[in-house]
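K.L.:
To start, I am sharing the structure in question, which I have written as structure tokens.
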Amino acid sequence: MSELRETRLEKAQILNSLGQGPYAIRFEPTHHNSILQESQYDLFNGEERNLTVAIAGRVMAKRVMGKLAFFTLADETGLIQLYIEKATLAISMSGDSLAFSHLTSLVDTGDLIGIYGTLRRTERGELSVRVKKWHMLTKSLHPLPDKWHGLADVEKRYRQRYLDLIVSPQTRETLRRRAQVVSGIRRWLDEREFLEIETPVLHVEAGGAEARPFITQHNTLDLPLYLRIATELHLKRLVVGGFERVYELGRIFRNEGVSSRHNPEFTSVEIYQAYADYTDMMDLTEQLIDTIANQVCGTSKIEYQEEIIDLTPPWRRATMHELVKEATGLDFTLFSDYETASEAITLSGIMLSKLDAQSSVGHLLNYIFENAVEHTLIQPTFVTDYPIEISPLARKHRNKSGLVERFELFIVGRETANAFSELIDPIDQRERLEAQQLRRQAGDLEANMIDEDFLQALEVGMPPTGGLGIGIDRLTMLLTNSPSIRDVIAFPLLKPESQTQTEIRSQLGTPTLDNGQSR
């Protein structure tokens, strides 16, 4: 037990003996700090206003100067100064001559207190609450991080997000904007008669995306299950069932690496519209994201790092073939087989990593795009017409052999959205999923599984449909000028600081599969 914590525990005991907490049941504030700051604009320097207010918050700083003290109090909305006079406090607290000393000596930075008082603006122009009464609401047993340096350790900011939120208004604003993004998307879709329907998180077969799933176990049924890697296949079942406009905004789980762009659990919105195609989804995407940007940021032109990103529709639309040719000079429409394409790539000076034996011209095209083009797409760009080999759930292109009607939206070099003219032919879909299954059996753990129930649903009949997925975390990164996905997730996944994974499994009694994955 640290000496500081011991000292604060002793103060808590004293407060308890004085009938002042240290852990109150309730307090009823009448105002938030930001409302007071805004509403008292006409209170001039040196003036007072006989308006009694009740405020509550955390003590961020304190200065005691003889019979006068100044505290800085923070609530969710911002800061305000407390003006504390010994004489005033003694009179208003029933002649308690020790009220001032109790407040200044027993209250520490980090404590939550409730205040009753009136308003005054200091000679220097600082709006203050002249304290008449105070109540201890919660005694903090740990000091706050140093106010000048805050949480300098970036990883500690993510581990102890509660401290980061206390000392960093920017972090609070980022998460507030994230909430506005989510609520704004729901409102926009609801207004256009899209219906949000929740689908299962636990799947018998993992499908709807190329990703490695997390595996879990239902004990009673003795059934291995997967945390969903997408909401796609169940939402499509709803379209088969007669819902023409559906969406789900929820958590997705993928057992993949952690980076500035990836977190094993993230949030997406998937949207399906019957009788539409991928061009309709482009229009919808432009309108939705531009609207959300204006609601959250107040403008379509937003700053990200050193760039000004213009989200005003319409956005650039270009095929993957066009962009690769533009960046490298390689025209993939001329390559009929893998060997010819790989030889041309080598002659161009581009180094290829080892691709698996089932790779095709389409896989090479996508590889070159990911390595030579993606990072250059700063302004919003719809990349269209993807190879069929990497798009097992998208409809074959109506005019171009070997391609599908698919787009991905790239902004600041990151994929932000993915959409298809959905594949509704059950025979074609089965053949593509069987090809995916072969890849899986060959060792590709991200390949799709065959979902027989989904295929049966397609055989019942699905109308022509456009489908769209948008990554909420990446969109929030863009709208909050955040360089890492961890900045926009309240509690990103981190390794435990002091325990190994083996120790954790032992403590939790977690069984292990033969491949080393947790069940």
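The numbers here are math on the coordinates, done by the rules we state, and not lab data. Since the structure is predicted, the reported quantities are computational estimates derived from the model, not experimental observations. Glycine also receives a Cβ, built like all others from the backbone with ideal geometry; neighbour counts cover every protein chain displayed.
K.L.:
Could you give the C-alpha radius of gyration of the chain expressed as a fraction of 2.2 N^0.38 Å, taking N as the number of residues it contains?
P.N.:
Working: Rg = 29.3 Å, N = 519, 2.2 N^0.38 = 23.7 Å.
Ratio of Rg to 2.2 N^0.38 Å for the chain: 1.24.
K.L.:
Taking a quarter of the surface of the convex hull around the Cα atoms of the stretch 146-296, what do you get in nm²? Working shown, then result.
P.N.:
Working: hull surface 48.6 nm².
Answer in nm², one decimal: 12.2.
K.L.:
Here's something else I'd like to know. Remind me, relative contact order of the chain in percent, using alpha carbon pairs under 8 angstrom and six or more residues apart? Write out the running numbers ahead of the final one.
P.N.:
Values: 943 pairs, mean separation 65.7, N = 519.
Once normalised by length, the contact order is 13 percent.
K.L.:
Here's another thing I want to ask about it. Sorted by average packing, counted as other Cβ atoms within 10 angstrom per residue and highest first, what order do 485-493, 465-473 take? Don't skip to the answer; put the middle values down first.
P.N.:
Numbers: 485-493: 19.1, 465-473: 24.2.
Highest-to-lowest ranking by the protection proxy: 465-473, 485-493.
K.L.:
Which of the peptides 162-168, 333-339 is most tightly packed, and how do the rest follow, judged by the mean count of other Cβ atoms within 10 Å per residue?
P.N.:
With the highest mean Cβ count within 10 Å placed first, the list reads 162-168, 333-339.
K.L.:
To the nearest 0.05, how large is the calculated FRET efficiency for Leu18 and Gln287 if R₀ is 41 Å and r is the Cβ-Cβ distance? Provide the component values of the computation, followed by the final result.
P.N.:
Details: r = 60 Å, r/R0 = 1.47.
Computed FRET efficiency for Leu18 and Gln287 comes out at 0.10.
K.L.:
Can you compute the equivalent ellipsoid semi-axes for the stretch 234-273, i.e. the square root of 5 times each eigenvalue of the Cα gyration tensor, sorted largest first and rounded to whole Å? Numbers along the way, then the final one.
P.N.:
On the way: eigenvalues 153, 17, 8 Å².
Calculated on Cα positions only, the semi-axes equal 28, 9, 6 Å.
K.L.:
Take the eigenvalues of the Cα gyration tensor for the stretch 3-138, scale each by 5, and report the square roots as semi-axes in whole Å, largest first.
P.N.:
Numbers: eigenvalues 120, 51, 38 Å².
That gives 25, 16, 14 Å for the three semi-axes.
K.L.:
Right, something else. Quick one: length gained pulling Leu165 to Glu306 fully straight, 0.36 nm per residue minus the C-alpha distance?
P.N.:
Values: separation 141, 0.36 × 141 = 50.76 nm, distance 2.56 nm.
Full-extension gain reported as 48.2 nm.
K.L.:
Hey, another quick one. Please compute the contact order of the stretch 40-152 in relative form: average sequence separation of alpha-carbon pairs under 8 Å and at least six residues apart, divided by the residue count, as a percent. List each step's numbers first, then the result.
P.N.:
Values: 228 pairs, mean separation 34.2, N = 113.
Relative contact order of the stretch 40-152: 30 percent.
K.L.:
Assigning unit charges at the beta carbon (Lys, Arg +1; Asp, Glu -1) and nothing else, what dipole magnitude in debye, to the nearest 20, does the chain show about its Cα centre?
P.N.:
Dipole size: approximately 2660 debye.
K.L.:
Compare the Cα positions of Ile424, Leu249, Gly19 along the charge dipole of the chain (+1 at Cβ of Lys, Arg; -1 at Cβ of Asp, Glu; about the Cα centre) and return the one farthest towards the positive end.
P.N.:
Gly19
K.L.:
Let me ask something additional. Which GluC sites (Glu not before Pro) from the stretch 421-498 combine a DSSP loop assignment with at most 14 other Cβ atoms within 10 Å? Present the calculation step by step, with values, prior to reporting the outcome.
P.N.:
Values: sites: Glu422, Glu431, Glu434, Glu446, Glu452, Glu459, Glu497; in loops: Glu446, Glu497.
Hits after loop and neighbour filter: Glu497.
K.L.:
Moving on. Hey, can you grab everything whose amide H is under 5 Å from the amide H of Leu82? Only 5+ residues off in sequence or another chain; H modelled, so Pro and N-termini drop out.
P.N.:
Those lying under 5 Å, H to H, from Leu82 are Phe71, Thr72, Leu73, Val129.
K.L.:
In the chain, which helices (entire DSSP H runs) extend 24 Å or more along their own long axis, judged by Cα positions, while averaging at least 0.0 on the Kyte-Doolittle scale? It would help to have the intermediate numbers written out before the result.
P.N.:
Values: long enough: 169-191 (32 Å, -1.19); 278-297 (27 Å, 0.05).
Once both thresholds are applied, what remains is 278-297.
K.L.:
Separate question: Work out, step by step, the length gained on full extension between Glu415 and Tyr275: first 0.36 nm times the residue separation, then minus their alpha carbon distance; give nm to one decimal. Before the final figure, lay out the partial values.
P.N.:
Values: separation 140, 0.36 × 140 = 50.40 nm, distance 2.56 nm.
Contour length minus Cα-Cα distance gives 47.8 nm.
K.L.:
For the stretch 3-138, build the charge dipole from Cβ charges (+1 Lys, Arg; -1 Asp, Glu) around the Cα centre, then report which of Leu127, Thr77, Tyr41 sits farthest towards its positive end.
P.N.:
Value: Leu127.
K.L.:
Let me ask something else. Roughly speaking, what is the stretch gain from Ile91 to Leu9, that is 0.36 nm per residue apart minus the C-alpha to C-alpha distance, in nm to one decimal?
P.N.:
Details: separation 82, 0.36 × 82 = 29.52 nm, distance 2.90 nm.
Additional length available on full extension: 26.6 nm.
K.L.:
Related question: What is the percent of Cα-Cα separations in the stretch 286-343 that go past 18 Å? Provide the component values of the computation, followed by the final result.
P.N.:
On the way: 933 of 1653 pairs.
The answer is 56 percent, as a whole percent.
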